[in-house]
Amino acid sequence: MMSRNFTPEQDLIDKLSVGDGPALEELSRRYGYSLYSYCMAKLNSPEDARRIVRNIFISLWENRDRLPENFSLSVHLYTEVRKSIVQCVNNKLKTSTNIQSIEKQVIPGFSVRELQKAKEFVHTGSEQKSKYYISAVKNRDYEDQWWNKYFIPAINLKGLKHGLKSMLNMW
Amino acid sequence: MTTEVLREKTGRYLRGESVPSEKRQIQTWLSCTKDKMEFIPAKEKEKIQTEIVADIHAYITYSEFNPEPKPWWRKFTAAF
């Protein structure tokens with residue numbers, strides 16, 4: 001779903017820091033649903049998901065006059081939502097509410113099989129291309145490391161090859 | 001894993017006392033969202049989004065009419 005407001009994010013954060021309510025509403029319109037769906041995927045509880053998202057934006061509003069200078073909204077939201085989910089699971093287990101739903105929804109996610117899914121390569125639709133890309137990156141990294149270890153880092157391997165080739169040609 | 005173990009692990013994670021392997025396990029669980037994202041129709045999405053924005057709007061409006069008194073030290077630090 002696309003927001004119709006095209007104001008840059010930094011402008012909205014600047015407005016938020018001086019207490020502009022519509023700026024926060026616009027930010028919540030942009031990111032609210034993504035956070036909600038993430039919470040739903042983890043907790044499978046619409047009430048908890050909504051409460052977590054609401055609390056994240058409310059705390060942002062409450063701390064609007066104390067935002068750091070190089071404040072990154074995406075990093076803040078990412079950190080907060082993850083912390084809130086763990087907090088929510090812990091609270092539920094502490095108060096013994098919806099233990100059955102946690103047993104069914106959350107605990108299976110901690111199995112080795114499920115956790116390994118996070119390490120799997122993300123399929124982007126052009127798997128072949130991605131494989132080549134990864135091998136190319138690996139090769140480049142190796143070359144860079146090898147070169148930086150033994151020679152002057154300012155000259156790259158390609159330049160050296162070209163220089164040697166031209167020297168041999170001359171000779 | 002049992003609920004008791006999970007409670008202890010999450011508790012330690014929140015207090016920042018978890019060992020690296022526990023931390024990694026929880027962070028991997030948080031990062032893994034494959035096969036979980038359900039398809040939600042656009043109308044439903046819009047409804048949820050509107051509700052979230054309405055909640056926040058209500059809170060902002062409420063806080064503007066009933067501002068919490070700021071502690072003296074916050075006023076003092078705001079001056080700088």
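Read-outs: derived from the displayed coordinates by stated rules, not from any lab. Given the structure is predicted, the values throughout are model-derived calculations rather than measurements. Here Cβ is always computed from backbone atoms with ideal geometry, including for glycine, and neighbour counts include all displayed protein chains.
For the reader, a short list of remarks on this structure follows.
- √(5λ) per eigenvalue of the Cα gyration tensor, chain B, largest first, Å: 35, 28, 11
- Gain upon complete extension [A:Lys117, A:Asn169; 0.36 nm per residue less C-alpha separation]: 13.4 nm
- Pairwise FRET efficiency - A:Arg66 versus B:Phe65, Cβ, R0 = 25 Å, nearest 0.05: 0.65
- Cα convex hull volume per residue for region A:8-74 (Å³): 82 Å³
- Shielding of peptide A:21-32 by partners, expressed as the average count of other chain Cβ atoms within 10 Å per residue Cβ, is 4.
- Loop GluC sites (Glu not before Pro), region A:40-111 (other Cβ atoms within 10 Å of the site Cβ: 12 or fewer; DSSP): A:Glu69
- Restricting the GluC sites (Glu not before Pro) of region B:1-56 to loop positions (DSSP other than H, G, I, E, B) with no more than 10 neighbouring Cβ atoms within 10 Å leaves B:Glu17, B:Glu38.
- Loop-located trypsin sites (Lys or Arg not before Pro) in region A:1-110 (DSSP state other than H, G, I, E, B) with a sparse environment of at most 11 neighbouring Cβ atoms within 10 Å: A:Arg4.
- Spacing of the two label points (7 Å from each Cα toward its C-beta) at A:Thr97 and B:Ser21, in nm: 3.4 nm
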